[in-house]
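Enquirer: Below are the structure tokens for one structure; questions will follow.
Throughout, read-outs are computed from the coordinates displayed, never taken from laboratory work. Please read all numbers here as calculations on a predicted model, not as lab measurements. Please note: Cβ atoms are built from the backbone with ideal geometry, for glycine as well, and neighbour counts cover all protein chains shown.
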Amino acid sequence: MSVSSTQSIPVCSDIPRHLAIIMDGNGRWATRRMLPRTAGHMRGVQAVRRVVEACGRQGVEYLTLFAFSSENWRRPQEEVSLLMRLFVQTLEKEVGKLSDQGVRLRVVGDLRAFEPRLRDLIRAAEDRTQHNSALQLTIAANYGGRWDILQATRQLLLSRPELLTQPELLDENALSPYLSMAYAPEPDLFIRTGGEQRISNFLIWQLAYTELYFTESYWPDFGAKDLQAAFQWYANRERRFGRTSAQIALQP
Ligand code: FPP
């Protein structure tokens, strides 16, 4: 089980061990160029490629990308269909290359809503890359932080029904193994592109002590240099996890 940031201080270095990103601004990138919003998503895939490669080079161990939220189904049907096609095409085209780069791919979220073909591709990609360890890439798709906490709670209650009559036994350590990213440490750094400063129901449990970085750059423009700037900002943060500076200075 990974270290809980509310209970102890995880090992920190200048490069985040786990980076989580909300890739925002695809639509505005396209609209500014008088292109359909979907063109922004297509360019967004190129940014995904750049960032995966840069994270691999920089020694990031876990990269988690928010590709589609539980709320994104409310977008125009045409945009949702294009995004689904893009996921399918990207998986078909990129999984071999990702595997050669030592990337392990996982998809988290409520996948029951996706069509069977996409679900099969996801499963095949996860199986094919399961022994890789250079970079653990997670795509959050039809994901919502509240959904995650609820699904974890349901699983926990099913496996430990005594909690219904002894709720005092419920603590973080009981619930966290059921969260969909239980295999990863909590994110050290969160980046949101596109100028908005909110979490938008992303990893709301896991972001408790994550450093939050917001940039005006639209996702399709984001690249290795922007990532470097975010890492530099991160390296200068004093992560205190609720403690004082003096206590942190005494940490081994
Ligand atoms: C947010 O921008 C972006 C999305 C909802 C989709 C993200 C998808 C990709 C980057 C492409 C596919 C990714 C993978 C992993 C295959 P927005 O549309 O909300 O932009 P806006 O705020 O400017 O409207």
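Enquirer: Rounded to the nearest 20 Debye, what is the dipole magnitude of the range 63-152 about its Cα centre when Lys and Arg each give +1 and Asp and Glu each give -1 at the C-beta?
Expert: Value, rounded to 20: 60 debye.
Enquirer: Just to confirm a number: summing +1 for Lys and Arg and -1 for Asp and Glu over residues other than LEU111 whose beta-carbon lies under 15 angstrom from that of LEU111, what do you get?
Expert: Result for the neighbourhood of LEU111: -1.
Enquirer: Follow-up question, since we're still on this one. May I ask for the net charge around ARG37, where only other residues with Cβ less than 10 Å from the Cβ of ARG37 are counted and Lys, Arg are +1 while Asp, Glu are -1?
Expert: Combined, the nearby Lys, Arg, Asp and Glu give 0.
Enquirer: Please give the per residue volume of the convex hull enclosing the alpha carbon atoms of the range 53-154, rounded to a whole number of Å³.
Expert: Residue-normalised Cα hull volume stands at 113 Å³.
Enquirer: Any chance you could check the Cα centroid distance between the range 105-133 and the range 65-88 for me, in angstrom?
Expert: Cα centroid to Cα centroid, the span is 16 Å.
Enquirer: Here is a follow-up. Which order results if ILE248, ILE22, ILE199 are arranged by neighbouring Cβ count within 10 Å, fewest first?
Expert: In order of increasing Cβ crowding within 10 Å: ILE248, ILE199, ILE22.
Enquirer: Can you give the Kirkwood hydrodynamic radius of the chain from its Cα pairs, in Å with one decimal?
Expert: After inverting the pairwise mean of 1/r, the radius is 19.2 Å.
Enquirer: A follow-up question, please. Which loop-located trypsin sites (Lys or Arg not before Pro) does the range 1-89 contain, where loop means any DSSP state but H, G, I, E or B and the Cβ has at most 14 other Cβ atoms within 10 Å?
Expert: Sparse-neighbourhood loop trypsin sites (Lys or Arg not before Pro): ARG33.
Enquirer: Determine the percent antiparallel among the DSSP beta bridges restricted to the chain, to the nearest 5.
Expert: Once the DSSP bridges in the chain are tallied, antiparallel ones form about 0 percent.
Enquirer: Lys and Arg at +1, Asp and Glu at -1: add these up for the other residues within a Cβ distance under 13 Å of ALA54 and post the number.
Expert: Local net charge: +2.
Enquirer: Restricting everything to alpha-carbon atoms, can you work out Rg to Rh for the range 130-175 with a Kirkwood hydrodynamic radius?
Expert: 1.14
Enquirer: Indicate the helices, whole DSSP H runs only, in the chain that combine a mean Kyte-Doolittle hydropathy of -1.0 or more with a Cα extent along their long axis of 27 angstrom or more.
Expert: Helix filter hits for the chain: 37-58, 77-100.
Enquirer: What percent of all Cα-Cα pairs in the range 107-207 falls into each 10 Å bin, going from 0 up to the bin containing the maximum distance?
Expert: Once binned at 10 Å, the Cα pair distances of the range 107-207 give 12, 37, 35, 14, 2.
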